[in-house]
Amino acid sequence: MTVKQLSLPELVDACRDLGVPAVGLWREPVQAYGVEAAAKLVRDAGLTVTTLCRGGFLTAIDPAERAAALADNRRAVDEAAALGTDTLVLVSGGLPAGSKDLRGARERIADALAELGPYAEEHGVRLAIEPLHPMYASDRCVVSTLAQALDLAERFPARQVGVTVDTYHVWWDDTAPAQIARAGAQDRIHTFQLADWTTPLPEGVLNGRGQIGDGSVDMREWQGYVEAAGYTGAIEVELFNDVLWARDGREVLAETARRFVEHTA
């Protein structure tokens, strides 16, 4: 998504040319290109797929909507397995229309995980609950902190359910370092993502993730937390930013790679 202006073939070529060894993929462009074709494209280029994003949106009350969400998440698991990644990132979903019951929404996520966790494990895929900044709690994700994500994940085996640590969403939370240690002790850090926090946020706030080094987040500090917790996996950069998307994609990817080297250990 950092360079969503590139087609999948363009992305693969740019990664290969720049020496980027792995890529996190999103479902929509993969589906548009074809799951099996995308898997072959990435595999033939020698790239690894780190994660697939996103599953989730599991808070529906209506039985038909709930059934549809579960079916879509099973398809997402199938797609992740086909792409060769062991991690499906979950954005859990916001409050249903007319509801103000945060606790009830989180319990419905747990109910869904009880069904999806075993299915994912059968396919060699782990579910990674991503807490989103509280400003998204109403419409996108009622899971706002790593503590909330782990409270859900810990109901299930770590081989089924863990968490995503995204600097953009957790940098403000002074309890997050302890929660990262808690997650690491249980082998539940399934992916680690970087994005900076810059202000003012754009209208709608969704596409406000800053380029590494442009904002308030100390990337080395957060990298230190996850590595101290035992995480040895890939580090992803995930930027939703209209200004970056309006630029040449290869240029943005090259800049992002430089910033990654500059601002991580």
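The values are calculated or read from the model by the stated rules, or taken from the named source; none is laboratory data. This structure is a prediction, so every number in the text was calculated from the model and none was measured. All Cβ positions, glycine included, derive from the backbone under ideal geometry; neighbour counts span all protein chains shown. Note: areas computed on protein heavy atoms with side chains; ligands, DNA, RNA excluded. Shrake-Rupley method; radii C 1.70, N 1.55, O 1.52, S 1.80 Å.
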Pick from Q31, Q5: which is out of contact with any Leu (no Cβ under 6 Å at 6 or more places or on another chain) and within 19 Å of A246 (Cα to Cα)? Q5
Do you know which of the residues in region 1-18 that are in a loop (DSSP other than H, G, I, E, B) and of a type outside the set (S, T, N, Q) is nearest to the chain's Cα centre (by Cα)? M1
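Residues checked against (1) farther than 30 Å from G98 by Cα; (2) out of contact with any His (no Cβ under 9 Å at 6 or more places or on another chain):
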position	(1), (2)
A137	no, yes
R140	no, yes
S144	no, no
Q148	no, yes
E154	no, yes
Y168	no, no
D174	yes, yes
Six or more apart or on different chains, Cβ atoms under 6 Å: show the pairs whose first residue is in region 229-244 and farther than 19 Å from R188 by Cβ and whose second is buried (at least 22 other Cβ atoms within 10 Å of the Cβ) and among the charged types (D, E, K, R). L239/R209; F240/R209; N241/R209
Scan region 54-111 residue by residue and report those that are in contact with a Lys or Arg (Cβ under 8 Å, 6 or more places away or on another chain), open to solvent by less than 10 Å² (accessible area, probe 1.4 Å) and part of a helix (DSSP H, G or I). A76, A110
Restricting attention to region 19-44, and to residues there that are of a type in the set (A, V, I, L, M) and assigned to a helix (DSSP H, G or I), which single residue is most open to solvent (accessible area, probe 1.4 Å)? A32
Could you tell me how many of the residues in region 144-202 are surrounded by 20 or more Cβ atoms within 10 Å (Cβ to Cβ), small (G, A, S) and not in a loop (DSSP other than H, G, I, E, B)? 5
Sole residue being on the phi < 0 side of the Ramachandran plot and open to solvent by 10 Å² or more (accessible area, probe 1.4 Å), chosen from G224, G230: G224
E236 being among the acidic types (D, E), at pLDDT below 95 and out of contact with any Pro (no Cβ under 6 Å at 6 or more places or on another chain): no
I'd like the full set of residues that are more than 16 Å from L18 (Cβ to Cβ), open to solvent by 50 Å² or more (accessible area, probe 1.4 Å) and among the hydrophobic types (A, V, I, L, M, F, W, C), limited to region 235-265. V243, A246, A265
Which of the residues spanning region 116-131 are open to solvent by less than 10 Å² (accessible area, probe 1.4 Å) and within 14 Å of G55 (Cβ to Cβ)? L116, G117, A120, V125, L127, A128, I129, E130
